[in-house]
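A.B. asks: Dropping a structure here in structure tokens format, bear with me for questions.
The values are calculated or read from the model by the stated rules, or taken from the named source; none is laboratory data. This structure is a prediction, so every number in the text was calculated from the model and none was measured. No Cβ is skipped: glycine too gets one built from the backbone with ideal geometry, and neighbour counts run over all protein chains shown. Accessible surface areas use protein heavy atoms only, side chains included; no ligands, DNA or RNA. Shrake-Rupley method; radii C 1.70, N 1.55, O 1.52, S 1.80 Å.
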Amino acid sequence: MSERVGDIGLIGLAVMGQNLILNIADHGFNVIVYNRTVEKVDNFLANEAKGKESIIGARSIQDLAAKLKKPRRVILLVKAGSAVDDFIQQLLLHFEAGDIIIDGGNSEYTDTRRRFAELKAKGIRYIGSGVSGGEEGARYGPSLMPGGDKEAWPFIKDIFQAVAAKVDGNPCCEWVGSDGAGHFVKMVHNGIEYGDMQLIGEIYHLMVAMGLNQDEMADIFADWNKGELDSFLIEITRDILRYKDEKSGEFLLPKIKDSAGQKGTGKWTAISALNYGVPVTLIGEAVFSRCLSALKNERVEASKILPGPENKFDRNKTDFIEDLKQALYASKIVSYAQGFMLMREAASQYNWDLDYGSIALMWRGGCIIRSVFLGQIKLAFEQDPKLKSLLMAPFFVDAIKKAQKGWRNVVITAVNLGVPTPALSTALAFYDGYRAEKLPANLLQAQRDYFGAHTYELLGEEGKFVHTNWTGHGGNVSASTYTA
Ligand code: NBP
């Protein structure tokens, strides 16, 4: 056997890296493995990878480069940020034109765009790939969203599609688009994950307010998981609700501190939405809700001072449970519609030729937001690849038509009970705004013109900006130097 035995290299022996290596090896590829702290290579080979001849250790980047077949292919699964740049610099000392560097971490797509351009100039093919599904996904089939230098795709396609999750035999991995497209799509995926989790949290909060016990709640989630809401997050919510602490024999969930953490990808999605002017309101609310939850001490103090409504839950429980299901489903449709709007806008800015049906398929299995529902999204984009919004797809028009009565009941009830439902409510507000032929922005434009001479357009005379001297003592000069 030649010394160059490695089909692919993988740097980063933490939870994701170790599991992905085992997955790649299971599919018949030789993997050269390396880690900054080199003892972890020895530990990994002596434990998790013991007896697996296709997993080969490297003791330096030079050693790794020497063991890889050409063109060399290496995946970085290290902490996002400077660690990625550091490894790229080290790899450049030993790699040559045509070699392929893949960043599988949660890098910001702007970093990926920068690295792609820098490496392109050096002849290195760079890929930024979203990897989703956590530890379990990495081990047994993640959702993979590769983007960057398309010339590299034929060299990694077999490995990526072999290790990816499969739905009906189709791999949850396809080429996404150039430069940062893979990481952008992964970022939106994570944002949608924030949204889905927040929606489920609000439904749980309402169930508590209804006086349901945890077994009843778990049964409802188990039932919902058999229909259109069938998804990984509904499934784990059912299991979390049923889970009892071994020591006490009591439910664990109520004992967990209600203060949420976050790693940043939801925030990046909301920031991108603001930057591109796309109303991704649900993910925004999901991020802010985590921020509000983190103000635990302040909330405890406020709970003793700030009064809420006196109302008690007085609806028929069975009916309201059905309403909750409809509210969750309709809000989810809005959230995904918003996420796809954001991807469409970024695609137009960066000239990415995104295939939205294929993205839905990539998310259909292997990742945290995997669900039956994504199959319907895939179908909607297959039927009309130019679909402006998911909300306009006949299937979803019909779904919301059926769901909206229950959805509105839920938001009204939540307001009456004083239960915060920012995600369910913003989804409904977006829906009503999106379907409104007229919004009160005419008044807003008049106000802007009144105080700042920002001008406005008259209906039927679009493109012609006029200014009115509203008070009689203002000037007739309009502001052209800035917009607010
Ligand atoms: P971590 O994100 O915890 O990163 C650990 C790895 O990064 C180790 O190999 C560590 O080397 C290396 N590293 C660090 Br930390 N700082 C470094 C530096 N300055 N220079 C070089 N190497 C450095 O690992 P993970 O949880 O397996 O995640 C890997 C990537 O995948 C991340 O980008 C993460 O965001 C992403 N991701 C994670 C999940 C998940 O569920 N965990 C899911 C999807 C994506 P050392 O051993 O020498 O400290």
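A.B. asks: What does the charge add up to near ALA121, with Lys and Arg as +1, Asp and Glu as -1, over the other residues with Cβ less than 14 Å from its Cβ?
C.D. replies: Spelling it out: positives minus negatives among the neighbours equals +3.
A.B. asks: Suppose the chain between PHE465 and LYS255 were pulled fully straight at 0.36 nm per residue; how much longer would it get relative to their current alpha carbon spacing?
C.D. replies: 69.7 nm
A.B. asks: Order of 44-57, 240-253, 128-141 by packing, highest average Cβ count within 10 Å first?
C.D. replies: 128-141, 44-57, 240-253
A.B. asks: For the pairs LYS267/LYS405; LYS69/LYS150; LYS263/LYS388; LYS226/LYS263; LYS325/LYS378; LYS255/LYS402, note any where the Cα-Cα span goes beyond 27 Å.
C.D. replies: The pairs that break the limit, which is 27 Å between Cα atoms, are LYS267/LYS405; LYS263/LYS388; LYS226/LYS263; LYS255/LYS402.
A.B. asks: What 222 nm value per residue comes from the helices of the chain, counting each DSSP H run with n ≥ 4 as -39,500 (n - 2.57) and dividing by all residues, nearest 500 deg cm²/dmol? Before the final figure, lay out each step's value.
C.D. replies: Numbers: 19 runs with 256 residues, N = 484.
That comes out to -17000 deg cm²/dmol.
A.B. asks: A further question follows. Which percent of the accessible area of region 345-460 is formed by carbon and sulfur heavy atoms (probe 1.4 angstrom)?
C.D. replies: 56 percent
A.B. asks: Moving on. Under 15 Å from the Cβ of GLU298, count the other residues' Cβ atoms, weight Lys and Arg +1, Asp and Glu -1, and hand me the total.
C.D. replies: +3
A.B. asks: Leaving out ligands, DNA and RNA, and with a 1.4 Å probe, what % of the accessible surface on region 1-134 is carbon or sulfur? Intermediate results must be reported in sequence, preceding the final value.
C.D. replies: Numbers: 2730 of 5670 Å².
The C+S portion of the solvent-accessible surface of region 1-134 is 48 percent.
A.B. asks: Set the Förster distance to 51 Å, then compute FRET efficiency between LYS312 and LYS122 from the Cβ-Cβ distance, nearest 0.05.
C.D. replies: Efficiency for this residue pair is about 0.15.
A.B. asks: Turning to a different aspect of this structure: Can you give the net charge of the other residues whose Cβ lies under 10 Å from the Cβ of VAL78, counting K and R as +1 and D and E as -1? Working shown, then result.
C.D. replies: Working: positive: ARG36, LYS79; negative: ASP86, ASP103.
With Lys, Arg at +1 and Asp, Glu at -1, the neighbours total 0.
A.B. asks: Please report the carbon-and-sulfur percent of the accessible area for region 205-302; probe 1.4 Å, protein heavy atoms only, DNA, RNA and ligands left out.
C.D. replies: The value for region 205-302 is 55 percent carbon and sulfur by accessible area.
A.B. asks: Now a separate question. Any idea of the accessible area per residue across the chain, 1.4 Å probe, to the nearest Å²?
C.D. replies: Details: 23460 Å² over 484 residues.
I get 48 Å² per residue for the chain.
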